[in-house]
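Peer 1: I have a structure here, written as structure tokens, and I will follow up with some questions on it.
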Amino acid sequence: MLSFESTWKEIEDAKSEGAVIGIGAIEQHGIHLPLNVDCMSADYLARGIAKEFGWYLLPTMPYGCSSEHMGFPGTMTMRSATLIAFFNDIADSLRYHGISKLVIVSGHGGNWFLKMMSREMNFQRKDMKVIVINTDRWFYPVLQQLTKDASLHHAGEHETAIAEFLHPELVKSPIPDDDNPDYGFDMLDLVQSRRLAAGGHWGFPSKSTPEKGRILLERGLESAVEYLRSRLQLIDKLHMDNDSKND
Ligand SMILES: [Zn+2]
């Protein structure tokens, strides 16, 4: 597949119109999961999307905005301004090579800046389209099919299942008891996650299985690809009139 492991000649010959990059987070995921769980899911989806479209896959950006988890050692956080500068540089590099579509796949729900950034990027560069795929959006409906009372928590059922499927060697046992503090997620804007869930996980890791991880990833990828196809078709259709005022 076309990726950062290809040669420049292969990239030149492929004349790919699009590129895909993941962004994860290096942040605590309880006492049973590694810090890079969000990179795993972002990388899986980014790779799958690039393969499906035959687009250029870039290495996943491991760091995200994780200030709410800084109470736990090992967590790294970037200012959103740093990441906005980073993605603008990525977009400009691609544009220089004639690549006009960029898909950003976020494995971390806390990368809130992506929504506003992509909107700004799309209207600052009329010859480029940036589309954000947030993995949670695609995992949640699948989780609802698999589990009663499905809820996307942190280091709970779905993330434990994904890590158990992709990297079982990195999952520590025993899996901790479920911990579902009765706060809204908005509390993460106000206090450190360590005050809300002392062990770091929030949810139901006991319900996870590697099989659920596989189903989440595979079906999540299918619906993300479907969504992208429909959006790309719609963008083409709406640009048919070539009216530059309406980009
Ligand atoms: Zn996570």
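Peer 1: Please go through the range 32-69 and give me each residue that is of a type in the set (Lys, Arg) and within 12 Å of Val105 (Cβ to Cβ), ordered by number. Before you say what the answer is, go through the steps one by one.
Peer 2: First, pick out the residues of the range 32-69 that are of a type in the set (Lys, Arg): 47, 51.
Arg47, the sole residue that qualifies.
Peer 1: Here is a follow-up. Pick from the range 101-156 the residues that are within 14 Å of the ligand (Cβ to nearest atom) and β-branched (Val, Ile, Thr): which of them is nearest to Leu190 (Cα to Cα)?
Peer 2: The selected residue is Thr135.
Peer 1: Yes or no: Met121 under 19 Å from Ala224 (Cβ atoms) and not in a loop (DSSP other than H, G, I, E, B)? Before you say what the answer is, go through the steps one by one.
Peer 2: On the way: under 19 Å from Ala224 (Cβ atoms): no; not in a loop (DSSP other than H, G, I, E, B): yes.
No: the conditions fail for Met121.
Peer 1: What tally of residues in the range 31-54 results from selecting those that are more than 12 Å from the chain's Cα centre (by Cα), crowded, with 24+ Cβ neighbours inside 10 Å and more than 10 Å from the ligand (Cβ to nearest atom)?
Peer 2: The total comes to 1.
Peer 1: Follow-up. Out of all the residues in the range 165-192, which are modelled with pLDDT of 95 or more and in contact with a strand residue (DSSP E or B) (Cβ under 9 Å, 6 or more places away or on another chain)?
Peer 2: Across the range 165-192, the qualifying residues are Leu170, Val171, Lys172.
Peer 1: If you don't mind, there's one more thing I want to ask. Six or more apart or on different chains, Cβ under 8 Å: which pairs go from a residue in the range 153-182 that's on the phi > 0 side of the Ramachandran plot to one that's within 14 Å of the ligand (Cβ to nearest atom) and outside any loop (DSSP other than H, G, I, E, B)? Could you list them?
Peer 2: Ala155/His29; Ala155/Leu33; Ala155/Val37; Ala155/Trp202; Ala155/Gly203; Ala155/Pro205
The values are calculated or read from the model by the stated rules, or taken from the named source; none is laboratory data. Since we're looking at a predicted model, the values are computed, not measured. Methodologically, a virtual Cβ is constructed for each residue, glycine included, from the backbone with ideal geometry; neighbour enumeration extends over all protein chains shown.
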